[in-house]
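Engineer: Encoded as C-alpha cells, here's the structure I'll be asking about.
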Amino acid sequence: MSNTSFVARELVAERAAPVRSTGFVGFVQTRLLNSPTNILLTVVSLLLLWFTIAPTVKFLLIDAVWQGQDRTACLPENVGHAVGACWPFVQAKFTQFIYGFYPEPERWRVNLTFLLGALLLLPLLIPRLPAKSVNAGLFFLAFPVVAFFLLYGGGINGFGISWAADFLSTVAVHITEIGRRLRSMGLLSDIAVFGDLLRLIGNGIVAFGDGLQLVALPFDWLRNEGVNRGEPVWFELAATTITVSLLVFLSNGHVRNGWRALASTIFIFIGVAAVIALLRLDRGGLPIVDTRLWGGLLVTLVVSITGIVTSMPVGIALALGRRSTIPLIRLFSIAFIEFWRGVPLITVLFFATYMLPLFLPGNFTVDGLVRALIGIALFAGAYNAEVIRGGLQAIPRGQAEAASALGLSWWKTTRLVVMPQALRHVIPGLVNSFIALLKDTSLVSIVALFDLLGQLRASFADPNWSTPTTLFTGFAFTGIMYFVMCFGISRYSLFVEHRLNVHRRS
C-alpha cells in the first residue's frame, strides 16, 4: 500500500449508542420527556390520572362488596372498612334493569327478540358475508314486525283485505264528514257567492268520499267471505298473495322476465305465513304485554334502534327535498327541518305524549311508546338531514353530469352515484348523531317510559338496598353499559370509514 492511500491505518473509536426511538422507552424519551414543557405536562397528567383513576378503581374493585342478600352486606359497620361499590344491589336488580316490569313468565320473548336481532344484525355488520340484500330486508322490514308481535303480543283478524277495507272506510267517513260540514257552512252563509262556492266544494268532497266507500265495498265482501269460511286470516292471506303476485309478475315483464319477481314474492308470503303460524297470530297470538310494563335496557334499545333506523330515510328524503328545484317541496323540507331543530327533544316528547291524542280523530288512539318513537324519529331525521345535506354539497357537480351523460335518470344518479359518496363523507357526523340519540333516550323517562336510567332511578326507592353507596354503584353500572354501547358504535364506524376510504390511502 502506498503512502498516498486514503485508507485509515488505525481503527475508529466506538461511538455512543444512539438514543432509542422505538418501544416504550423510546416513546417516553421522545414524546414525554424530550422538553421541559412535555415533562411538566407529563407530570400533571400523571397526577390527574392518579387522582381520578386510582379512586375509581378502588371504589369499583378494591373496596367493593361482591356478595350479599340485602343492604346490611354493604354497610361499613358490618364490613369493617370503607365500602365501595355495592355490587349485590346490581345483581339483585339486574333483571329489572334489562326487562323493567315485563312479566317474568313472558321474558323469554324478550330474550328471543334480542337473539333474533343479534343473528340478523351481526351478518349485516360483517362486510365479507354474502346476501346483504336479503339480510337487510329481513332486519329492516321483517324483524320489526316479528319483534312487535313477540314483545307486545296479540294476534290479527285479517291480512291485507281487512286492513284496506278499514283504511278506505275510515278515510271515506272522515272525508264525507268534512264535505258535509262545508256544505252546511255554505247553506248558512249570508254571502251568496261564498256560500255557493262552499256548497260546491262540499258536494265535491262528499262525492269523493262516496266514491271511496264504493272502492271499499269489494274489500268488505272479501272480508265477509273469509269470515264465513271460518279462516279469515288464511283466506285473506291467500287472496292477497294471489293478487300481489300477479301484479308483480305483470309489472316485471310477465312471461318473459317476471318469473324471478314472482318467485321472490311467493317466497316472501310463505315467510309471512310461517310467522303467522309460529306465533299463532290467527288464534289470538301471544298474551298482550302493555308497553307500560316495558322498561330497562329493552326500552333503551327499542327507542334508540327505532330512532336510528327510521331517522335515516327521513333524513335522506328531507336532505334531497331541501335541494329540490320544486319550490313547494323545498319550502316544506326547510320548514320541517327548521321546526324540529328549533324545539328541544323534551318538548317533542311532551307534545307526542300529551298533546298529540287531542288532535287524533274520534276514538283513534296510538300507544304511548309508539308516539314517543314517532317524535324521536322525526326529531332525529331533521338533524340527519342537515348532516346528509353537507355530504351532498361535497359531491362535485361533474359526478351527476357524468351520470346524466351516460343516460342515468335522476333517481339512478342519486341512488347509485351521488348518495353513496355523500354518505361516505358524513359517516363521522351520522355516527355522532346516533350516539347522541342513544344517550338522549334517557329523556323518555319524563313521559313515564322507564328506560335503563329511569329503571335505575326507580330501583333506588327500594329500602332493602338503601346504602350510602347504592346510588353511585347504580350510576357506575349504567355508565359502563352506555360506554360499552357508544364505544362499540364508534369503533365500528371507524372500521367502516377505514374500509370505504381505502382508495384514498393507495
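Engineer: Using a Förster distance of 51 angstrom, determine the FRET efficiency expected from the C-beta separation of Thr72 and Ile39, and round it to 0.05.
Structural biologist: 0.55
Engineer: Now, a different point. Carbon and sulfur together cover what percent of the accessible area of the range 234-319 at a 1.4 Å probe radius?
Structural biologist: In the range 234-319, the share of accessible area belonging to carbon and sulfur is 73 percent.
Engineer: What cysteines in the chain have no other cysteine with a beta carbon less than 4.7 Å from their beta carbon?
Structural biologist: Isolated Cys, the chain: Cys486.
Engineer: Tell me the per residue accessible area of the range 34-88 using a 1.4 Å probe; a whole number in Å² is fine.
Structural biologist: About 69 Å² of surface per residue is accessible.
Engineer: Would you kindly state how much longer the chain becomes between Gln213 and Ala238 on full extension, computed as 0.36 nm times their sequence separation minus their alpha carbon distance, in nm to one decimal?
Structural biologist: That pair, Gln213 and Ala238, stretches by 6.6 nm at full extension.
Engineer: To the nearest 0.05, how large is the calculated FRET efficiency for Phe6 and Leu32 if R₀ is 35 Å and r is the Cβ-Cβ distance?
Structural biologist: Given R0 = 35 Å and the Cβ-Cβ separation, E is 0.20.
Engineer: Report the full-extension gain for the segment Phe94 to Asn228: residue separation times 0.36 nm, less the Cα-Cα distance, to one decimal in nm.
Structural biologist: In short, 43.3 nm is gained.
Engineer: For the range 358-425, with every protein chain kept in place, what is the accessible area per residue (1.4 Å probe, Å²)?
Structural biologist: 57
Engineer: Which whole-number value in Å³ per residue fits the convex hull of the alpha carbons of the range 138-226?
Structural biologist: Enclosed volume per residue, from the Cα hull, is 140 Å³.
Engineer: For the range 233-302, state what percent of all Cα-Cα pairs lands in each successive 10 Å bin, counting from 0 Å until the bin that includes the largest distance.
Structural biologist: Binned Cα distances yield the sequence 18, 30, 24, 19, 9, 1.
Engineer: A further question on this structure: Between Arg256 and Ala400, what FRET efficiency comes out of the Förster formula 1/(1 + (r/R0)^6) with R0 = 45 Å and r the beta carbon distance, rounded to 0.05?
Structural biologist: With a Förster radius of 45 Å, E is 0.85.
Engineer: May I have the pair-distance distribution P(r) for the range 287-411, computed from all Cα-Cα distances with 10 Å bins from 0 and rounded to whole percent?
Structural biologist: In whole percents, the pair-distance histogram is 12, 32, 30, 16, 9, 2.
Engineer: Using a simple spin-label model with points 7 Å from Cα along the Cα→Cβ vector, what separation in nm is obtained for Thr170 and Asn157?
Structural biologist: It works out to 1.2 nm between the two label points.
Engineer: Average the reciprocal distances over every distinct pair of alpha-carbons in the range 73-183, invert the result, and give the Kirkwood radius in Å.
Structural biologist: About 19.5 Å, per the Kirkwood formula over Cα pairs.
Engineer: Hey, another quick one. I need the Kirkwood Rh of the range 292-349: take the reciprocal of the average 1/r across all distinct C-alpha pairs and report it in angstrom.
Structural biologist: Taking every pair of different Cα atoms in the range 292-349, averaging 1/r and inverting gives 13.3 Å.
Engineer: Please express the Cα-Cα pair-distance distribution P(r) of the range 205-250 as a list of whole percents, one per 5 Å bin, running from 0 to the bin with the greatest distance.
Structural biologist: Spelled out per bin, shortest first, that is 5, 20, 18, 18, 17, 14, 8, 1.
Engineer: Can you tell me the alpha carbon radius of gyration of the chain divided by the globular rule-of-thumb value 2.2 N^0.38 Å?
Structural biologist: 1.36
Engineer: Between Ala335 and Glu177, what is the spin-label point distance in nm, taking each point 7 Å from the Cα along the Cα→C-beta axis?
Structural biologist: Spacing of the two 7 Å Cα→Cβ label points: 2.5 nm.
Engineer: Run lengths n ≥ 4 of DSSP H only: what is the helix-derived mean residue ellipticity at 222 nm for the chain, with -39500 (n - 2.57) per run over all residues, to the nearest 500?
Structural biologist: Value at 222 nm, helices only: -22000 deg cm²/dmol.
Engineer: Dimensions of the range 179-297 along principal axes (Cα, Å, largest first)?
Structural biologist: For the range 179-297, the Cα spread along each principal axis is 63, 53, 38 Å.
Engineer: Measuring from a point 7 Å past the Cα of Val79 along Cα-to-C-beta, which residues in the range 49-66 have an amide N at less than 16 Å?
Structural biologist: Taking a point 7 Å out along Cα→Cβ of Val79, the residues of the range 49-66 whose backbone N falls under 16 Å are 55-66.
Engineer: Moving to a separate point now. What trypsin sites (Lys or Arg not before Pro) in the range 126-185 are in a loop by DSSP, with at most 16 other Cβ atoms within 10 Å of the Cβ?
Structural biologist: Arg128
Engineer: May I ask you to list the aspartates and glutamates whose Cα is less than 13 Å away from that of Lys93, ignoring any residue fewer than eight positions away on the same chain?
Structural biologist: Result set, ordered by chain and number: Asp70, Asp462.
Engineer: Over all alpha-carbon pairs in the range 230-368, figure out the percentage whose distance exceeds 21 Å.
Structural biologist: Cα-Cα pairs in the range 230-368 separated by more than 21 Å: 70 percent.
Engineer: Using the Cα atoms as the points, what is the convex hull volume per residue of the range 131-183 in Å³?
Structural biologist: So the per-residue Cα hull volume is 133 Å³.
Engineer: Need one number: nm distance between label points at Ala118 and Thr52, each 7 Å from Cα along Cα→Cβ, rounded to one decimal.
Structural biologist: Inter-label distance under the simple model: 3.2 nm.
The values are calculated or read from the model by the stated rules, or taken from the named source; none is laboratory data. Given the structure is predicted, the values throughout are model-derived calculations rather than measurements. As a convention, Cβ positions derive from the backbone with ideal geometry for all residues, glycine included, and neighbour counts pool all protein chains shown. SASA here: full protein model, heavy atoms, side chains in, ligands and nucleic acids out. Shrake-Rupley method; radii C 1.70, N 1.55, O 1.52, S 1.80 Å.
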